[in-house]
Amino acid sequence: MEATLFRSSSPLFLSNSNERISRKNLTFKSKNNSVIRASANGGNNSVVTLLDYGAGNVRSVRNAIRYLGFEIKDVQTPTDILNADRLIFPGVGAFAAAMDVLNQKGMAEALCSYIKDDRPFLGICLGLQLLFESSEENGPVRGLGLIPGVVGRFDSSSGIRVPHIGWNALQVKKGSGILDDVAGQHVYFVHSYRAMPSDANEDWISATCNYGENFIASIRKGNIHAVQFHPEKSGVVGLAILERFLHSRSSLVKMKRETKRKASKLAKRVIACLDVRTNDTGDLVVTKGDQLDVAIRSKLAEVRNLGKPVELAGQYYKDGADEVSFLNITGFRDFPLGDLPMLQVLTYTSENVFVPLTVGGGIRDFTDGKGRHYSSLEVASEYFRSGADKVSIGSDAVYAAEAYLRTGVKTGKSSLEQISRVYGNQAVVVSIDPRRLYVNNPEDVEFKAIQVTNLGPNGEKYAWYQCTVNGGREGRAIGAYELAKAVEELGAGEILLNCIDCDGQGNGFDIDLVKLVSDAVTIPVIASSGAGAVEHFSEVFAKTNASAALAAGIFHRKEVPIQSVKEHLLIEGIEARM
Ligand code: 1PR
């Protein structure tokens, strides 16, 4: 997409570019867990060779490498692989597409030769899977065949949610090299396929992870390393792993652990959300309404300004947020690539924030004033290129689900389907903005109505949850339950479940709604809207199948620190990443 999309000369750009977070500020302190210093090692002329075959977003890996003080040389030809001193292969996209590119460019052979020569290699995610004999992803498809085994899909019939998204614990073997020291820590995974341990590949395995079953989390033989998780998204633990590989020695990124509690399973995620829009003077600010208050203005008729997006995101990362979400809340009416420097916000944030970033708002096809057409895929691609790991689709997903339920046909043309096809369903979140509508009888509506905990104003015992579009402005003839099931079929990898009635109220999540939706789908559900105290997080995790809980107001107003939420979860026996 052309650079002209950026209003680089605008005051918006200038004001936000000043938000960059300096490296020296990145000292992390967590009360009961760790004092962590991410001592970025500038001034080092070392070069790392990166195999980016252009199938997806490797910006985060680039950012992490640069953050650690290394320069990047991109592989252009097979010879670049053979000449590398150390090679990182952050596989992205689908297995078959990656193998096609590697074969066509003659890189598969060079890679095999490089690895067989025991030269320093780090594969990430698909970069691990491709080393195996084959994958069942759209296959069977042959891999590089260096490690015995077939890569298969997680089995959701056993009750686990697929994709496997989130922070899970590693069981590290002795002599794992770059993973020494990280046993008992959480690292960030996002994948639907995995390689399984067997007698034939046992000598390769350096760590496993449990998600319904034990799968291979990392391999190591000599100088060859590959990890299924994303070190570039695993906070300081991930940076330390990367740095060990880059330096071939112990890490400068300090992880001094004082915790008595070791990670044992997939953690429930705590997500900080930033609703972003331009204020009256044209600056991008973080704001927060109540019940999707469409005006989002204070008594002085000004947009509520709760801070600068890049700065706040950096703060939440330091505070221990497991993910950060940006919602461009006026994206439905403004064209996000043309009117707002959201791309710069992502760019700057991703340079210093090493946990997953989601961006939403305005992801749809758009024709600008000059008649130039942008597909939703182009909009999403630009967000990914700028540093987003996931995109969140609101209104457009409602229209796609309505059409699908009406016709029973998957056209493949909706933004949800297109983005999911190209980037994988783990990269697509659907954001739902339902409102509670009470009824006397569940049969009164054609949508799923449930008995609710709090009776309606006229004593009604039942309610259905009506989906809305355009930031809650328009109700649609589809319920949250029906929408959730439809978008899962269309390719959503995760659901961000807001609730207009609870948004900004601080009275807790809508447990009835979260239970309804999280029981209806097999993809992860993020509970959102209404967090006002640490107990609300433990309640939603104890009473529903939510995989994550998101909050905005309490974090922005500094009423509840993220660490307090985590500590409370641990006290309540709920796994959390510290
Ligand atoms: O329809 O694809 O353009 O996406 C628009 C996105 O912007 C949707 O995800 C929609 O939820 C969001 N949005 C639109 N208008 C508003 C608004 O507030 N006026 N924000 C809005 C929705 C929900 C969360 C909020 C949680 C937690 N806000 O972002 O952060 O409810 O809040 P709390 O912890 O303070 O209760 P499209």
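The values are calculated or read from the model by the stated rules, or taken from the named source; none is laboratory data. This is a predicted model, so every value here is computed, not measured. Here the Cβ is made from the backbone with ideal geometry for all residues, glycine too, and neighbour counts use every protein chain on show. We work out accessible area using only protein heavy atoms, side chains counted, and drop any ligands, DNA or RNA first. Shrake-Rupley method; radii C 1.70, N 1.55, O 1.52, S 1.80 Å.
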Response to the item:
Phi angles of segment 343-353, converted by Karplus (6.51 cos²θ - 1.76 cosθ + 1.60, θ = phi - 60°) into ³J(HN,Hα) in whole Hz with x for Gly and Pro, give 5, 5, 4, 5, 4, 5, 4, 5, 6, 10, 10
Discussion item. Using a Debye calculation, one point per C-alpha and no hydration shell, please list log10 I(q)/I(0) for segment 205-246 at q = 0.19, 0.21, 0.25, 0.35 Å⁻¹ in order.
Written reply: -0.60, -0.71, -0.92, -1.15
Practice prompt. Hey, can you grab everything whose amide H is under 5 Å from the amide H of S206? Only 5+ residues off in sequence or another chain; H modelled, so Pro and N-termini drop out.
Written response: S218, I219, R220
Item to complete: Under 1.5 on a/c is rounded, so check that first for segment 128-203, then, if it is not, pick prolate when a/b is larger than b/c and oblate when it is not; a ≥ b ≥ c are the square roots of the alpha carbon gyration tensor eigenvalues.
Response: oblate
Response to the item:
Quick numbers on segment 31-247, Rg and Dmax over C-alpha atoms in Å, give 16.4, 52
Worksheet item: How large is the charge dipole for segment 84-149, taken about the Cα centre, if only the Cβ atoms of Lys, Arg (+1) and Asp, Glu (-1) carry charge, to the nearest 20 debye?
Response: 120
Worksheet item: Magnitude of the Cβ-charge dipole of segment 31-247, K/R +1 and D/E -1, about the Cα centre, nearest 20 debye?
Response: 620
Practice prompt. Work out, step by step, the length gained on full extension between S158 and D280: first 0.36 nm times the residue separation, then minus their alpha carbon distance; give nm to one decimal.
Written response: 38.8 nm
Worksheet item: Normalised by the residues of segment 31-247, what does the relative contact order come to in percent, with Cα pairs under 8 Å and at least six apart?
Response: 18
Worksheet entry | Gained length - C112 relative to E202, 0.36 nm times residue gap less alpha-carbon distance | 30.4 nm
Worksheet item: Are any of the pairs K173/K262; K410/K485; K221/K262; K265/K318 more than 19 Å apart by Cα-Cα distance, and if so, which?
Response: K221/K262; K265/K318
Discussion item. Rounded to the nearest 10 Å², what accessible area does T407 have for a 1.4 Å probe in the complete protein model?
Written reply: 80
Practice prompt. Report the antiparallel proportion of the DSSP beta bridges in segment 31-247 as a percent, rounded to a multiple of 5.
Written response: 55
Item to complete: Please work out the Cα center distance from segment 386-465 to segment 472-514, rounded to the nearest Å.
Response: 6
Worksheet item: Relative to the Cα centre, what is the charge dipole magnitude of segment 186-234, using +1 at the beta carbon of each Lys and Arg, -1 at the beta carbon of each Asp and Glu, and rounding to the nearest 20 debye?
Response: 180
Worksheet entry | For segment 342-427: rounded, prolate or oblate by the Cα gyration tensor [a/c cutoff 1.5] | oblate
Discussion item. Could you work out the relative contact order of segment 389-544? I mean the mean sequence separation of Cα pairs under 8 Å and 6+ apart, divided by the number of residues, in percent.
Written reply: 22
Practice prompt. For segment 376-422, with all protein chains present and a 1.4 Å probe, just round the carbon and sulfur fraction of the accessible area to a whole percent.
Written response: 54
Fill in: Cα gyration tensor, segment 392-551 - rounded (a/c under 1.5), prolate or oblate
oblate
Worksheet entry | Potential extension, D180-E213 segment - 0.36 nm per residue separation minus Cα distance | 9.6 nm
Item to complete: Please work out the Cα center distance from segment 529-578 to segment 111-151, rounded to the nearest Å.
Response: 39
